[in-house]
Amino acid sequence: MQPPQTPSSAASGAPAEARFVTGSTLRHVLVMGSTGAVGLIAVFAVDLLGLFYLSRLGEQPVAAAVGFAGAVGFFQIGVGIGLSIGLGAVVSRAIGAGEMATARRIAASGLAVMTAAMVLIGLATALAADTMLGWLGATGEVHRLAARYLIIVAPSVPLLGLGMGLSALLRSVGDARRAMNVTLFAALATAVLDPLLIFALGLGLEGAAIGAVLSRLGLAWLAWHGAVRRHGLVGRLEAGALVADARRVMTVAAPAVLTNLATPVGSAWVTQAIAGFGSAAIAGQATIERLSPVAFGIVYALSGAVGPIMAQNLGAGRADRVRATLRDSMLVVLGAVLAAWAALWALQDFIVAAFSAVGETAALIRLFCNLLAGGFLFTGGLFVANAAFNNLGYPLLSTAFNWGRATLGTIPFVALGVPYGPGGVLIGQMAAAAVFGTAAALVAFRVVGRLHATDTEEAAGVELAPAGSGAPAVAALAARADRGRIGT
């Protein structure tokens, strides 16, 4: 059934929907990044709070199980993020070009494909949980607890994917506030449910898993209400256009999925290396992985937040604004990382005490606060570069840099760090991020610079805009990106 149109669901082709093609690009980056960060920080802060609750049980295997289950969960999230990037990029480009009817149709097709893919991933997780945990090095009671958690959470994977896809649609139309509120509600729900389920009902780790399922249900429902009922961003699912629309979305989404899977693959390799040092080391890594997105929420958020800004301006033929968006995003990364690093350094004693961390666990947390946190300067550069590559028609570059970091970077650097203990492993991981993050940022600026060049071959068959606007080359690039012919 066609969703009802509201005042915010402008008629097809309404230019008011393309809000990123005018105004300060720095302001757009700050608004989209900060609102996205609030939502992400809320979600991961609650995840961190859940780990805090579980740490109060005084059972180290429980904290280690959370670390192993999180490593598997990163694969699910990586696929969901990649699919939502593809959906958001193609819909944002259509909105920037003033093609609202096309944007709504693609949104429906993309959500259908995304939901189906996440159903398969949830099923695979439930069936192969034991095998995956074995690959990661989980044994004994830790293995049993982590497998139980994954099996309980697996049916909610499609809800997580649906919530991600609908949130991407909200960002594509510039409704950063509502996208933020969706994730805030899910986080608050978990914050309330976790202590009730873990302590009041005595369910422990299983209670945390049930809370995650209920939170994802709320996430999907609120995102659906905002994207469909409020904005009318999802049109009818047209069977005749499904294949063509899915191909357009997957042109960006498939490389983006591969890109986002690189991070959990690298993380899995690191987890396997650290597992050899015992449960205390795994517990320390689990705490770091949950501290990171809370401390660097805006850095994580920029990857999805600046994509719609770039895509709308690409669709509108504004190469100058695409370049300004990239520059401003890098400046925001610099400021955010320096501020968070200083805060972590100052609060490290409190953090160690809050999680009752001792021995190797405490040592790894302090290493993160003192040194490893600075590595997010390079991670942030890679995230922003990914957004540029995925939304400007060069998704394979994003894939290449991320997999390069996860394999050519991580494996040898981690191997060199193993003789120095779990701290050496994490320092090796940071070194890989420094190399590949710097390279990706430099290439991103070069790619954006090419948008200013008027290439007669690229512009063939494309209606020319006034001279000096930069639109011919940009429009040609957008057209070729839609047809899936852009590579490295």
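Dimensions of the stretch 261-327 from C-alpha coordinates, computed as largest minus smallest value along each principal axis and given longest first, are 54, 22, 15 Å.
Based on a Kirkwood Rh over C-alpha pairs, give the Stokes-Einstein translational diffusion coefficient of the stretch 290-388 at 10 °C and viscosity 1.306 mPa s in µm²/s.
Details: Rh = 14.7 Å.
Calculated translational D: 108 µm²/s.
Take 208-220, 170-182 and order them by the average number of nearby Cβ atoms within 10 Å per residue, most first; the result is 170-182, 208-220. Using the average count of surrounding beta-carbon atoms within 10 Å as a protection proxy, the listed peptides 221-227, 126-132, 158-164 rank, highest first, as 158-164, 221-227, 126-132.
The Kirkwood hydrodynamic radius of the stretch 95-165, based on inverse pair distances between different Cα atoms, is 14.1 Å.
The stretch 413-436 and the stretch 181-255 have Cα centres separated by 35 Å. By the Kirkwood approach, averaging reciprocal distances over each pair of separate Cα atoms, the stretch 150-303 gets a hydrodynamic radius of 18.0 Å. Taking the Cα centre of the stretch 161-238 as origin and assigning +1 to Lys and Arg Cβ atoms and -1 to Asp and Glu Cβ atoms, the resulting dipole is close to 360 debye. Distance distribution P(r), the stretch 164-236, all Cα-Cα pairs, bin width 10 angstrom from 0: 22, 40, 23, 13, 2 percent.
Note the direction-averaged projected area, equal to a quarter of the hull surface, for the Cα convex hull of the stretch 122-218, in nm². Intermediate values should be presented prior to the final figure.
Values: hull surface 27.7 nm².
Mean shadow area of the hull around the Cα atoms is 6.9 nm².
Output the peptides 365-378, 394-407 sorted from most to least packed, where packing is the average of other Cβ atoms within 10 Å over each peptide's residues.
Numbers: 365-378: 21.0, 394-407: 23.2.
For the peptides 365-378, 394-407, the packing ranking is 394-407, 365-378.
Coordinate-derived values only; no laboratory data. A quick note: this is a predicted structure, and the numbers were derived from the prediction, not measured. With ideal geometry, Cβ positions are generated from the backbone for all residues, glycine too; neighbour counts draw on all protein chains shown.
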